[in-house]
Structures are given as structure tokens and as C-alpha cells.
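The values are calculated or read from the model by the stated rules, or taken from the named source; none is laboratory data. None of the values given here were measured: they were computed from a predicted structure. With ideal geometry, Cβ positions are generated from the backbone for all residues, glycine too; neighbour counts draw on all protein chains shown.
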Amino acid sequence: MSMRRVVNIGLSLLSSVVFFGCSAASEPKSCDISGVSAADCDSVHEMLLPDALPPSPGNRYADDEQAAHLGFSLFFDSNMGGGVSCATCHAPELAFADHQSVSMGKSLGNRNSPTTFNAARLSVFFWDGRADSLWSQPLFPIENPAEMASSRLELSHFIAQKYKVAYESVFGPLPDMSSWPSSGMPGDPAFDGLTSDVQTQVNRVFANVGKSVDAYMRKNATSGAPLDAFIKGDPSRLTTPQVRGLALFLSNQCQSCHSGPMFTDQGFHNEGFPSLTGAPPDTGREGALKVIQNNPFNLDGPYADTQPGFVKPSAPQINPTDAGAFRTPSLRNVSLTFPYGHDGALASLVDVLTVHAPSMSTDDQNDLIAFLQTLKGTYPVPPWNNWPTPQ
């Protein structure tokens, strides 16, 4: 029997059953829709988006409202990066992405900017996973010469000059910076010549900026999508093609990598996706491992806050499969976050499926894309969903 025939049989039950309700009364468990196995039923229930965000490891200020407002201002302040802000590559009107293959900061980068929507629900960041927390992630672009091209010393002075009151209301008094050089970071004589105590003070301000941006990005989460309502028992939230697309998603084992409420295993895989014409080879995860291990702002470092239940992670180990491997992207809001791939070489979801599932028919492609549309949530509530109101 064809997959489409099986799904149509299941659709005849729409008016009388709640889909994907697994039976707890008998073993083995079964699903209430024909053609969906018990294992698939469990997988679908695991896709349900929880109401609450997970805690932010290493950041005790993550749910502080004042920290979120400071981070909100910093996210959109182009003066923090000499004309470039976080919003340069993560614009609210573009689903907090930029719809470019690779992003332009101070110069053209070499990777695509993922959306910041629901970043607080992830545990690894960047395409290569070189940041292990949402508060350490913003620190990289600040000092990246292709992005903001600033430095932790320059940022510290900027905070003291423009955000002193807001910063100190959350993190306490700023250190005396009167003798500090105007700019510098590790590797620069200006920073390397400072005493270890002053370097620690600079790094603490730097880390706290990241923690405030994390607090803002936790507000930048979309709500449940039509699929979530469907899983909860409202069959009217998915159309017939979308239900067929869900069946295709399961039968093609897409959930083996795109699993859980964020539709990602947060692992790293080399799927052989194409790169932009002329792009140099990208080592992906392999090139990130030493960065993680040597980063003082990782979760094993001195700037991670100790919190109840927080266990410092083991250092990531080198794996032969890490060469050219990239993080499995989340599929939440995927219809809004084109183009696709680590360097945006795939313009549309059709292009992704053509590469990823070349034997899939056009009709099945359309149904699967219709299903992916059901993962689009509602924008965050004001004021977090847009540019700050000018003061």
C-alpha cells in the first residue's frame, strides 16, 4: 500500500479521533492514526514545544528583566560595533536573520546568519558549535574583524560611557577604567600588557555584556506553531497536504536528525551540501574544537556562573567525522529563514530537498514543504519583537 493511501485512510479519522494519542492501556503501544508506528508516535509527541524555556547554563542573570532591557538596547546599538550591530545580521523584519547567503558586517563573512528565534532553546551555537552557551556566543562577533571589529577593552569603555547606570543596576559597580588602553584584546600588546587582575576585570565586563544579550534573546522566542496545536488534539490546524507531509517526514526518517521540540539533534553532520561557487573549503566542527577548549568564556571557564543543578560539561573530543560537519539546523520557523546551508548556497526549501532527497517526487516535495510551514510560530510579544522605540 502506498504512503499516500495509508495517510488518506488516517485522514478519514479526523472527525472522530485525536491524532498521535499513544495508548497507555496496552502493550505494545499504538498510535491512533493508521500507518504511524508507536516509535513514530513517540517522536511526534517529542516535537511538542514546551511552554517554558530551559535554564541558561552559566548565566544567573538570564531571567533578570533589567539585564534583558540592557541586552535589548545593546543588540540594536550600532555604536557598539562602529556602525554594525547584532541586528545588522539579525533584523526583526527578516525573522531575526538577514536573508543573505553570507552576511556583511565590517566585511563579507563566509557563513550564513541563522535566526536568533528560539536560540535560548539550543545548547550549541554557530554552525560549527564553537560557543557552548547563548551568553558566550555574542562575544565572538564583537571581536571578529569581519563582523563588528571591536575589542573587549573598547567595549568596556563604551559600556562605561553610554550604559553605566543600566549595567551597574544589574551587575554592580564598573571597575575604574581611567588607566586602561582605549582598545585591545588577547594578542594585542595593549591587552597582553595589562596585569592579570585588570585582564580579569575587562573579561568580566565582556562576559556580562554577553549575559545581558542572552537575557534579551531569551525574550526572542516564538510561540507554539500549528503543529503544536495539532499534537495537543486540534486536527483542524493541519491541512490534508500538511498531514501527508508529516507522514513523509516520518517515513523518510527526517526525525533521526531533526528531532525534539526544536527539530534538531544539535549534533554535527557532513551531509555533502554544496557551497557557494568559489568558496574555500570549510572545516566546520573540526576547526571549532580547539576554539571551544581554549575559550575562557566556555561553561568550564571562570566566567560561567555556578547555579543549582549546573554541571560543568566535559571538554568536547575530536571525532574523525567532524571534518566538514555542521550543526543540524533547527526547523522551527524554517520557512522564514532562507537561504539555507552553512553558507546559504541553497536558496529555497525546494533546493534543499532536491539535494537532500533527490529521489522525492514533486508532489511529495510539496507536501513536505507544506508540513514545514506548520512549524512557523508567532513572533515574540512587544517590545521584544521589534526595534527599540527611540527615546
Cβ pairs under 6 Å, 6+ apart or interchain, first in the stretch 105-116 and assigned to a loop (DSSP other than H, G, I, E, B), second of a type in the set (Ser, Thr, Tyr), ordered by first then second residue, are Gly109/Ser103; Ser113/Ser103; Thr115/Thr337
Quick one: would you say Pro296 is in contact (Cβ under 8 Å) with a residue 24 or more places away in the chain, touching a Leu at 6+ places or on another chain (Cβ under 7 Å), in a loop (DSSP other than H, G, I, E, B) and closer than 24 Å to Pro57 by Cβ? no
By residue number, the members of the stretch 322-341 that are over 13 Å from the mean Cα position of the chain (by Cα) and aliphatic (A, V, I, L, M) are Ala323, Ala325, Leu336
Return a yes/no flag: does the stretch 216-228 have any residue that is crowded, with 16+ Cβ neighbours inside 10 Å and over 20 Å from the mean Cα position of the chain (by Cα). yes
Residue match in the stretch 278-286 (condition: among the basic types (Lys, Arg), surrounded by fewer than 16 Cβ atoms within 10 Å (Cβ to Cβ), within 23 Å of the chain's Cα centre (by Cα) and not in a loop (DSSP other than H, G, I, E, B)): no
Flagged in the stretch 233-267 as of a type in the set (D, E, K, R), in a loop (DSSP other than H, G, I, E, B) and crowded, with 16+ Cβ neighbours inside 10 Å, in numbering order, are none
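Yes or no, residue by residue, for (1) touching a residue at least 12 places away in the same chain (Cβ under 8 Å); (2) under 16 Å from the mean Cα position of the chain (by Cα); (3) part of a loop (DSSP other than H, G, I, E, B):
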{"site": "Asp343", "(1), (2), (3)": "yes, yes, yes"}
{"site": "Val352", "(1), (2), (3)": "yes, no, no"}
{"site": "Val355", "(1), (2), (3)": "yes, no, no"}
{"site": "Ser359", "(1), (2), (3)": "no, no, yes"}
{"site": "Pro383", "(1), (2), (3)": "yes, no, yes"}
{"site": "Pro390", "(1), (2), (3)": "no, no, yes"}
Residue count, the stretch 228-278 (criterion: hydrophobic (A, V, I, L, M, F, W, C), within 24 Å of Tyr379 (Cβ to Cβ) and at pLDDT 95 or above): 2
In the stretch 158-202, anything surrounded by 14 or more Cβ atoms within 10 Å (Cβ to Cβ) and among the basic types (Lys, Arg) is listed as Lys162
Scanning the stretch 52-71 residue by residue, those surrounded by fewer than 20 Cβ atoms within 10 Å (Cβ to Cβ), within 23 Å of Asp300 (Cα to Cα) and not aliphatic (A, V, I, L, M) turn out to be Pro54, Pro55, Arg60, Asp63, Asp64
Per-region count, the stretch 294-333, residues farther than 27 Å from Ser259 by Cα and among the polar types (S, T, N, Q): 4
Tell me, please, whether a residue that is modelled with pLDDT of 95 or more, assigned to a loop (DSSP other than H, G, I, E, B) and touching a Phe, Trp or Tyr at 6+ places or on another chain (Cβ under 7 Å) can be found in the stretch 62-76. no
Show the residue pairs meeting these rules: Cβ distance below 7 Å; 6+ apart or different chains; first residue within the stretch 160-182 and under 14 Å from Leu74 (Cα atoms); second residue of a type in the set (A, V, I, L, M) and assigned to a loop (DSSP other than H, G, I, E, B). Ala160/Leu174; Ala160/Met177; Lys164/Leu174; Tyr167/Leu174
Answer yes if at least one residue in the stretch 303-320 is in a helix (DSSP H, G or I) and acidic (Asp, Glu), and no otherwise. no
Which one is modelled with the lowest pLDDT, of the residues in the stretch 300-337 that are crowded, with 21+ Cβ neighbours inside 10 Å and touching an Asp or Glu at 6+ places or on another chain (Cβ under 9 Å)? Asp322
Can you tell me which residue is surrounded by the most Cβ atoms within 10 Å (Cβ to Cβ) among those in the stretch 139-157 that are in contact with a strand residue (DSSP E or B) (Cβ under 9 Å, 6 or more places away or on another chain) and closer than 25 Å to Lys312 by Cα? Leu139
Taking only pairs six or more apart or across chains, which ones have beta-carbon atoms under 7 Å, a first residue in the stretch 32-52 that is modelled with pLDDT of 85 or more and polar (S, T, N, Q), and a second residue that is buried (at least 17 other Cβ atoms within 10 Å of the Cβ) and assigned to a helix (DSSP H, G or I)? Ser43/Leu250; Ser43/Gln255
